[in-house]
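Notes to accompany the following structure.
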Amino acid sequence: METVLRSASREVVISPQHPFCIIGERINPTGRKLFQEQLRRGDLSRIEIDVAQQLAGGAMVLDVNMGAPLADEAELMVAAVKLIQGLTDLPLCIDSSIVEVLDAGLAAYEGKALVNSVTAEDERLEAILPLVKKYGAAVIALPNDEKEIPEDPRQRLDLARKIIDVATGRFGIPAEDIVIDPLAMPVGADTSLVVKTMETISLLREEFGVNTTLGASNVSFGMPDRHAIGAAFLPMAIATGLTSAILDARAPQIVRAVQAADLLLDRDPWGASWIAAHRAAQAQAQQAQRAQEQAAT
């Protein structure tokens, strides 16, 4: 099953047969006080830096969240989408919990976007899925509802089934445009939770064959050496069936772990991408060294 995302000029495919899809998480003001202040002033200059850094890191899709407190999120989302599409041809993931913001962002976007996200709550399904259908988008779906985030992987599977049934049956959204988030929980809170996440990924693959994604940073939240945890977790999850993740594309340790998983799982024919990335990193290091030597003289 292939989930196809598009910008005005580029197509990215999420599927088990394609390289793992890296969705850059950086364009998000959560936990970034200076960025929040800039957005409240209507200053989007930091976005240009975030886009450039994530492109350099290997992002294939960019998540865009404009949820700065006391700011007009819908207005910022429209401005950000237009700005980013002028900077890169990568497809975008429109990220907001507010329906009006999603609507504004999707209306401004040129291409087929990914919507982040919908849950199994009836009210959210009725509010967000019509937008997904209207704009021909794909959507990230989280298997939790009004009651809880289930710990039992089979309960998560049941809620995923509900979302898929409603999306395909009531709204006519193709199953390939539904990307399930198996819910990555912090290992620091309970060391059994990540195992349950991977069990959920496996069940989703076996039962529905849908593509999957998750917030990779959630796994290591609250723990030291977070990049090391992420670099270990993602290849394990990929081997289990995970086909994309929202992650920090500026972190070479994590990105290289993902690229290594693609190589080892035969998604990088002849290792061409692995070798190209290695050579690019070497060239970048040599350039930095020359610049340092010139500065010293």
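The values are calculated or read from the model by the stated rules, or taken from the named source; none is laboratory data. Because the structure is a prediction, the values reported are computed rather than measured. Don't worry about glycine lacking a Cβ; one is built from the backbone with ideal geometry, like all the others, and counts go over all protein chains shown.
Listing for the model above:
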| read-out | value |
| --- | --- |
| Filter pass, ASP262 being part of a loop (DSSP other than H, G, I, E, B) and not aliphatic (A, V, I, L, M) | no |
| Checklist (1) β-branched (Val, Ile, Thr); (2) over 29 Å from ASP50 (Cα atoms); (3) surrounded by 12 or more Cβ atoms within 10 Å (Cβ to Cβ) applied to ILE229, failing item | (2) |
| Residue that is nearest to ALA56 (Cα to Cα) [pool: residues in the range 87-105 that are among the hydrophobic types (A, V, I, L, M, F, W, C) and in contact (Cβ under 8 Å) with a residue 60 or more places away in the chain] | LEU90 |
| Residue in the range 170-188 that is more than 27 Å from LEU90 (Cβ to Cβ) and among the small types (Gly, Ala, Ser) present | yes |
| Qualifying residue in the range 140-149 (condition: assigned to a helix (DSSP H, G or I) and surrounded by fewer than 17 Cβ atoms within 10 Å (Cβ to Cβ)) | no |
| Candidate set from the range 227-281 (those that are touching a residue at least 24 places away in the same chain (Cβ under 8 Å) and among the β-branched types (Val, Ile, Thr)); member that is nearest to ILE14 (Cα to Cα) | THR243 |
| Any hit, the range 106-116, residues being in contact (Cβ under 8 Å) with a residue 40 or more places away in the chain, in the same structural domain as ALA59 (by TED's automatic domain parsing) and in a helix (DSSP H, G or I) | no |
| Whichever residue in the range 234-259 is in a loop (DSSP other than H, G, I, E, B) and touching a helix residue (DSSP H, G or I) at 6+ places or on another chain (Cβ under 7 Å) and, among such residues, is surrounded by the most Cβ atoms within 10 Å (Cβ to Cβ) | LEU242 |
| Some residue of the range 185-206 being small (Gly, Ala, Ser) and assigned to a helix (DSSP H, G or I) | yes |
